[in-house]
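Here is the structure we will look at, set down as C-alpha cells.
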Amino acid sequence: MISFGKRKKANMDGINLLISILVCYPEIGTVSYEPAREALHFAFALKEVPQRQAYEEVGMLIKESIQSYHCLEGFQDASVEIFLEGQGHTAFFHIIRDVRTISQGEISMLSTIMREHFGSILLMDPENGVSPYELEQEQEAHEDAIDHMIGNLKLSRTTNRMIGIREEGRVMVFNK
C-alpha cells in the first residue's frame with residue numbers, strides 16, 4: 001500500500017506578505033520567514049563588499065533608527081540582528097527582525113537607509129518600463145496590506161519556513 005503524507009497547507013498571508021515586501025521594495029533582494037525564530041530575514045545584495053567602517057556605521061544607524069522608531073510607536077525589546085556576508089565580489093547585508101515588533105513603516109525605513117547609504121552598489125530590480133504613476137499605485141496597495149499581513153502572521157504562528165526571491169524581474173516564494 002502506498003501512503004502519501006499530508007502536505008502542509010500554505011500560509012497565504014505569509015506568502016502574500018513576502019510578495020508584497022519584494023514588490024514594494026526593490027532594494028530587498030530576498031526576504032524569508034523563519035518560524036523557529038518568528039522572524040523576517042531581509043537580505044540586500046551589494047555589487048561589492050563595502051568597507052568595514054561603512055558597514056558598521058550603517059548597521060549602527062539601522063539599530064538606532066529601529067530603537068527610535070519603536071520608542072515613538074511604543075514598542076520595547078525589539079530583536080535586531082545585522083551581519084554582512086561576502087561572496088567573492090558580491091556582498092549580502094542581512095537584517096533579521098522579530099515579527100512581533102516589525103511594521104511596514106520600519107521595513108520602508110530600512111529600505112530607505114540602505115538605498116541612501118549603498119545606492120551606488122545596491123542591486124535593485126529594474127522597473128521594466130512601468131510608469132511612475134502605476135508604480136506608485138501598486139506600491140501603495142502593497143504597503144496598505146503589509147501591516148495587515150504582518151498582524152495575521154503574528155496570530156497564525158505558522159510553522160512553514162518561506163523564502164521570497166527575485167529572479168529576472170519576477171518575484172517567487174517557496175514554502176520550505
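Does Arg166 satisfy being within 14 Å of Ala45 (Cα to Cα) and part of a helix (DSSP H, G or I)? It is false that Arg166 is within 14 Å of Ala45 (Cα to Cα) and part of a helix (DSSP H, G or I). Checking each residue in the stretch 79-98 for being free of Cβ contacts under 8 Å to residues at least 24 places away in the same chain and surrounded by 15 or more Cβ atoms within 10 Å (Cβ to Cβ) picks out Val80, Ile82. Residues that are more than 15 Å from Ile150 (Cβ to Cβ), in a helix (DSSP H, G or I) and hydrophobic (A, V, I, L, M, F, W, C) are absent from the stretch 35-52. Tallying residues that are acidic (Asp, Glu) and touching a Phe, Trp or Tyr at 6+ places or on another chain (Cβ under 6 Å) within the stretch 80-129 yields 2. For the criterion of being outside any helix (DSSP H, G or I), closer than 23 Å to Met12 by Cβ and modelled with pLDDT under 90, Asn160 passes. Here is the figure for the stretch 91-113: residues that are modelled with pLDDT under 95 and either among the charged types (D, E, K, R) or closer than 16 Å to Ala54 by Cβ (or both) total 3. Against the list (1) in a loop (DSSP other than H, G, I, E, B); (2) more than 27 Å from Arg170 (Cβ to Cβ); (3) at pLDDT 90 or above; (4) touching a His at 6+ places or on another chain (Cβ under 8 Å), the condition Ala78 fails is (3). In the set (1) within 22 Å of Arg157 (Cα to Cα); (2) touching a residue at least 40 places away in the same chain (Cβ under 8 Å); (3) of a type in the set (Asp, Glu), Glu48 fails one condition alone, (1).
Answer yes or no: is there a residue in the stretch 125-144 that is among the aliphatic types (A, V, I, L, M) and within 16 Å of the chain's Cα centre (by Cα). No, there is no match, as no residue in the stretch 125-144 is among the aliphatic types (A, V, I, L, M) and within 16 Å of the chain's Cα centre (by Cα). Restricting attention to the stretch 51-64, the residues that are in contact with a helix residue (DSSP H, G or I) (Cβ under 7 Å, 6 or more places away or on another chain) and crowded, with 17+ Cβ neighbours inside 10 Å total 2. Applying the condition of being among the β-branched types (Val, Ile, Thr) and either modelled with pLDDT of 85 or more or in a helix (DSSP H, G or I) (or both) to the stretch 114-155 and asking which residue is surrounded by the most Cβ atoms within 10 Å (Cβ to Cβ) yields Ile150.
The values are calculated or read from the model by the stated rules, or taken from the named source; none is laboratory data. It should be emphasised that the depicted structure is a prediction, and the values quoted were computed from it without experimental measurement. Positions of Cβ are generated from backbone atoms using ideal geometry, with glycine treated the same way; all protein chains shown enter the neighbour counts.
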